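Peer 1: This is the structure I want to talk about, given as structure tokens.
The values are calculated or read from the model by the stated rules, or taken from the named source; none is laboratory data. Worth saying up front: this structure is predicted, and the values here are computed from it rather than measured. Positions of Cβ are generated from backbone atoms using ideal geometry, with glycine treated the same way; all protein chains shown enter the neighbour counts. Quick note on the areas: whole protein, heavy atoms, side chains included, nothing else; ligands and nucleic acids left out. Shrake-Rupley method; radii C 1.70, N 1.55, O 1.52, S 1.80 Å.
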Amino acid sequence: MEHAFDLVIFGGTGDLSRRKLLPALYAGLVAGRVHVDTRIILTSRSGVKTTVEEWLTDVFGKNVPACGVEAESLKQFTKMVDIVALGLTEGGDDWADLSQKLKSTSDRPLVHFLAVPPAVFTRTCQLLSDYGLNGDNARVVLEKPLGHDLESAQAINADVGSCFEEKQTFRIDHYLGKEAVQNLLALRFSNIMFEELWSARTIDHIQITIAEDLGVEGRGAFYEGTGAMRDMVQNHLLQLLCLVAMEPPARLDGDSIREEKLKVLKSLKNFTGAEIDQNVVRAQYEAGAMAGEAVGSYEEDLELEGDSETETFVAIKTFIENWRWANVPFYLRTGKRLPDRFAEIVIQFKPIPHSPHAGWGKHINPNRFIIRLQPEDHLALRMMVKNHGSATEALKEVEMNLDVVGESGRLGPYLRLILDAARGDQRLFVHRDEVEHAWRWVDNIIEHWQQSGTPLKRYQSGTWGPYEVHDLMVRDGRQWFHETSGRLNNG
Ligand code: BG6
């Protein structure tokens, strides 16, 4: 059981809090991971008009926690939650009250979770500092987007940094809280056999995919000024790439892991304009069909008057320019309104140099290590074995399953990350230098698109993106993993 702590969620009645944070905290309470004495203070500009219990019942009716909702636990959870109206002006009673409330328990960790737009990060941190709520026991958790480009990210980092030290600052990338991602680190750094194989000597290429079946659903105003490059590549995809490619850290502590990830970001190939046109595909979804239902285009979803140049799909072929990864392509892709929802890393090994089995007439597939982050956690090695009891078709591909299914995997990333922040553990959070380097790399591509007017490709909703995405692989004699095989029958 974890210790009790105080959690203030700024924007506590907003979308992130309702959809992810509160269901995760409730499930954490039921699973015995959140201490009953923990206090959860939700701030909002105007508070709520109902009782806390009514409000939570409504929230959990629409966003059911992983464990379901049950009357007794809901009562207990309600006692832990307080909803307060809080503005952004100094001198009001609201801040003095909040500060009074929190100072009575200043011996326990105090986590400020900023689930608010980045435009108010600075003001909120200043007020926290003015009211002395940034002491040694306090940490601030920042939810993305962390800026819009390098310059704005630097400004946020500097402003937050003037109120909270780096060791008190927890930048969330919820992909790092996913169980399979942590398992990837465990496997890589606790098994000599993976480390020995983990380089350009044996690996042919790496694919990282985050596919979503949803469109922009109600987030159009945010998304139109953002696009997939900023929304998904700058953070989630580059973080996954770092974890796959980083050197073994000396220790598994926050600083050591983050230093190694930073080195990967610094080694990413810096594209010239012509290279961007060759290696990066950007596209937007058009009308199409999802599971047999007709759906509109991105522009229709947003009810835009004119045309939009915002990408909902990005595919990139890139390289990490260091000794370990020289000439190994990393293929990244993410998109909305694709036929399926999944996130997956595929490590594809080189083909064997010579096959004594060639005469048996069976194609020998290269080994693959598959790390699936969602919808389910799944770790598997694909290998060729003898087709048991058969003389012909003598080889077949099987999947060696490395899954470890546990309770915490079902609780989702946010609970783990909030509890880590309360404990002051920064391993699964992003350092300011990482954020800034990722922006540098992404800005270079976006600036080229803007300056050269690179045309946006279009793809039908319910398809895997425009032809160029497929071609990015095929022209190298490779294929996206989902195009090569379905589930294997190991029987
Ligand atoms: C968010 C993006 O960071 O991640 C969303 O802003 C995206 O656009 C979401 O849908 C995907 O997260 P997950 O965990 O559902 O894959």
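Peer 1: Quick one: which of V64, V69 is under 24 Å from the mean Cα position of the chain (by Cα), of a type in the set (V, I, T), more than 29 Å from H148 (Cα to Cα) and open to solvent by 40 Å² or more (accessible area, probe 1.4 Å)?
Peer 2: Exactly one residue qualifies, and that residue is V64.
Peer 1: Do we have any residue at all in the stretch 244-253 that's out of contact with any His (no Cβ under 7 Å at 6 or more places or on another chain), within 13 Å of the ligand (Cβ to nearest atom) and either under 23 Å from R171 (Cβ atoms) or touching a residue at least 60 places away in the same chain (Cβ under 8 Å) (or both)?
Peer 2: no
Peer 1: Would you be able to tell me the number of residues in the stretch 46-81 that are closer than 16 Å to L25 by Cβ, of a type in the set (V, I, T) and part of a loop (DSSP other than H, G, I, E, B)?
Peer 2: Final tally of qualifying residues: 2.
Peer 1: Another question, then. Of the numbered conditions (1) crowded, with 18+ Cβ neighbours inside 10 Å; (2) in a loop (DSSP other than H, G, I, E, B); (3) among the basic types (K, R), R18 fails exactly one; give the number of that condition.
Peer 2: Exception for R18: condition (2).
Peer 1: Within the group E305, E286, E212, which residue is within 12 Å of the ligand (Cβ to nearest atom) and among the acidic types (D, E)?
Peer 2: Checking each option against the conditions leaves just E212.
Peer 1: Please count how many residues of the stretch 215-229 are open to solvent by 40 Å² or more (accessible area, probe 1.4 Å), near the ligand (Cβ under 10 Å from one of its atoms) and closer than 15 Å to P145 by Cα.
Peer 2: Total satisfying the criteria: 2.
Peer 1: Could you tell me whether L241 is over 23 Å from D301 (Cβ atoms), in contact (Cβ under 8 Å) with a residue 40 or more places away in the chain and open to solvent by 10 Å² or more (accessible area, probe 1.4 Å)?
Peer 2: Judged against the criteria, L241 is not a match.
Peer 1: Tell me which of these Q239 doesn't satisfy, since it passes every other one: (1) more than 14 Å from W325 (Cβ to Cβ); (2) part of a loop (DSSP other than H, G, I, E, B); (3) in contact with a helix residue (DSSP H, G or I) (Cβ under 7 Å, 6 or more places away or on another chain).
Peer 2: That leaves (2) as the condition not met.
Peer 1: Among A153, A180, A138, which is within 30 Å of Q479 (Cβ to Cβ) and open to solvent by less than 30 Å² (accessible area, probe 1.4 Å)?
Peer 2: A180
Peer 1: Can you tell me which residue is nearest to V8 (Cα to Cα) among those in the stretch 98-128 that are part of a helix (DSSP H, G or I) and without any contact (Cβ under 8 Å) to a residue 12 or more places away in the chain?
Peer 2: Among those residues, the one meeting the criterion is Q100.
Peer 1: May I ask you to list the residues in the stretch 248-267 that are open to solvent by less than 80 Å² (accessible area, probe 1.4 Å), modelled with pLDDT of 95 or more and more than 21 Å from L197 (Cα to Cα)?
Peer 2: S256, R258, L262, L265
Peer 1: Considering only the stretch 334-372, how many residues are closer than 13 Å to F481 by Cα and either open to solvent by 10 Å² or more (accessible area, probe 1.4 Å) or free of Cβ contacts under 8 Å to residues at least 12 places away in the same chain (or both)?
Peer 2: Within the stretch 334-372, residues that are closer than 13 Å to F481 by Cα and either open to solvent by 10 Å² or more (accessible area, probe 1.4 Å) or free of Cβ contacts under 8 Å to residues at least 12 places away in the same chain (or both) number 8.
Peer 1: Looking only at strands (runs of 3 or more DSSP E) that lie completely in the stretch 294-397, which have at least 1 residues being in contact with a Ser or Thr (Cβ under 7 Å, 6 or more places away or on another chain)?
Peer 2: Strands (runs of 3 or more DSSP E) meeting the threshold: 313-318, 330-335, 342-349.
Peer 1: Another question, if that's okay. Testing L428 on (1) open to solvent by 50 Å² or more (accessible area, probe 1.4 Å); (2) in a loop (DSSP other than H, G, I, E, B); (3) touching a residue at least 24 places away in the same chain (Cβ under 8 Å); (4) not small (G, A, S), one condition comes back false. Which one is that?
Peer 2: (1)
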